[in-house]
Amino acid sequence: MPYRIPFNRATLLGNELNYIAEAVERGHLAGDGEFTRRCARILEQETGAKKAFLTTSCTHALEMTALLLDLQPGDEVIVPSFAFVTTVNAYVLRGATPVFVDVRPDTLNLDERLIEERITPRTKAIVALHYAGVACEMDAIQRIADEHGITVIEDNAHGLFGEYRGRKLGSIGAFATQSFHETKNLTCGEGGALLINDASAIERAEIVREKGTDRSRFFRGQVDKYSWVDVGSSYLPSEVLAAFLFAQLEGRDEIQSGRGAIWQRYSDELAGWASAHDVRMPVVPEHCTQPFHMFHVLLPSMDARTRLIDELKAKDILTVFHYLPLHNSEMGRRFGGKTGDCPVTEDISERLLRLPLFHGLSADDQSEVIDAVSAFDAF
């Protein structure tokens, strides 16, 4: 049965079904129609990326980066161990080896201080996942990458509308990937985008996304026929999904404002409880602007987290933990990972708890969550 107060509920602003009907009336339901183009323009405007390609998921956007990097068996990609599995799978599918690096104890982002010691002549890329939409230390990461001739990829699934030292997330690495899964701030159910900041990769990305063909050039009249010219796959979302997403992008200010108010209320009203019980609140450095993707707390122990989850469930409130350490998983061990390799990841993954946060969360429901959390003192 659904929880009375769920962890997440997809936002509906009102124009989603109208735009889907319009897409149907236009008679173009395959990818790269008018709504796809509108979404891409907004993403380029909002992120400052040179080019945005809508994709069927963030997973597929990551897979596109692996193809664009021409990854081969034996190549290595540096990734945070505290990440979603697709952050690694995209590169493993091409035969590359993930090199797991621990995260910072404050922002829970890839620890830039540990990267250089893991670089080898086989390292081809560094994946910087902006956890909860709070930026990684991109200046340091980019400097290391430049010194070693390595490509930086921003996994920006959480970070649309975030900033690092005044720069939009998604505009810093050579590539960045976005997610429009139903759990994200803006959604079309399942969807994503590849943002490209290396202009030399734009033309090839278009081909990779179109099954390895120059079909897009054909439709622009640049060639008189199209054919298979490169590796690729089918990464285009349908116009139905793009139409839904366009309504969300149009309402981005409303969505972000609502989420920001919810996040700030959690921060203000749970601060005393957290301080009294050694609970860590989210850390957002002054030079980072966050997009209010999630609100998480770090409990003192796994046992405390489990008991708090259970108490909230008894009140019909769903809260959830997050990633399990990739290096310590069954697949991670195949690539040499073992317990103790990433101690911060191992520690925080057992203690982190995410509270309900979505645009439609009412003030009354949030009050119930805050009251229930504040009443928990069984540490």
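The values are calculated or read from the model by the stated rules, or taken from the named source; none is laboratory data. All values reported here derive from a predicted model rather than from experimental measurement. Positions of Cβ are generated from backbone atoms using ideal geometry, with glycine treated the same way; all protein chains shown enter the neighbour counts.
Quick check on my filter: what residues within the range 95-111 are farther than 21 Å from Gly340 by Cα and buried (at least 21 other Cβ atoms within 10 Å of the Cβ)?
Correct list: Ala96 only.
Within the range 31-42, how many residues turn out to be buried (at least 23 other Cβ atoms within 10 Å of the Cβ) and not hydroxyl-bearing (Ser, Thr, Tyr)?
Residues that pass the stated criteria total 2.
Being closer than 14 Å to Ala49 by Cα, buried (at least 17 other Cβ atoms within 10 Å of the Cβ) and more than 14 Å from the chain's Cα centre (by Cα) is true for just one of Asn197, Asn156. Which residue is that?
Asn197
Would the range 131-147 turn up any residue that is assigned to a strand (DSSP E or B), under 23 Å from the mean Cα position of the chain (by Cα), in contact (Cβ under 8 Å) with a residue 12 or more places away in the chain and buried (at least 17 other Cβ atoms within 10 Å of the Cβ)?
Within the range 131-147, not a single residue is assigned to a strand (DSSP E or B), under 23 Å from the mean Cα position of the chain (by Cα), in contact (Cβ under 8 Å) with a residue 12 or more places away in the chain and buried (at least 17 other Cβ atoms within 10 Å of the Cβ).
For residues in the range 245-263 being without any contact (Cβ under 8 Å) to a residue 24 or more places away in the chain and not aliphatic (A, V, I, L, M), which is surrounded by the most Cβ atoms within 10 Å (Cβ to Cβ)?
Ser257
Could you check the range 175-282 for helices (runs of 4 or more DSSP H) lying wholly inside it with 2 or more residues that are in contact with a helix residue (DSSP H, G or I) (Cβ under 7 Å, 6 or more places away or on another chain) and assigned by TED's automatic domain parsing to the domain that holds Glu22?
Once the helices (runs of 4 or more DSSP H) in the range 175-282 are filtered for at least 2 residues that are in contact with a helix residue (DSSP H, G or I) (Cβ under 7 Å, 6 or more places away or on another chain) and assigned by TED's automatic domain parsing to the domain that holds Glu22, what remains is 202-209, 239-250.
Can you name every residue in the range 47-94 that is polar (S, T, N, Q), surrounded by fewer than 24 Cβ atoms within 10 Å (Cβ to Cβ) and assigned to a helix (DSSP H, G or I)?
Matches in the range 47-94: Thr59, Thr86, Asn89.
When you go through (1) closer than 25 Å to Pro6 by Cβ; (2) touching a strand residue (DSSP E or B) at 6+ places or on another chain (Cβ under 6 Å); (3) of a type in the set (A, V, I, L, M); (4) buried (at least 16 other Cβ atoms within 10 Å of the Cβ) one by one for Leu361, which number turns out not to apply?
(2)
Just to be sure, is Phe376 surrounded by 21 or more Cβ atoms within 10 Å (Cβ to Cβ), of a type in the set (Phe, Trp, Tyr) and in a loop (DSSP other than H, G, I, E, B)?
No: the conditions fail for Phe376.
Of the residues in the range 337-356, how many are crowded, with 21+ Cβ neighbours inside 10 Å and touching a helix residue (DSSP H, G or I) at 6+ places or on another chain (Cβ under 7 Å)?
3
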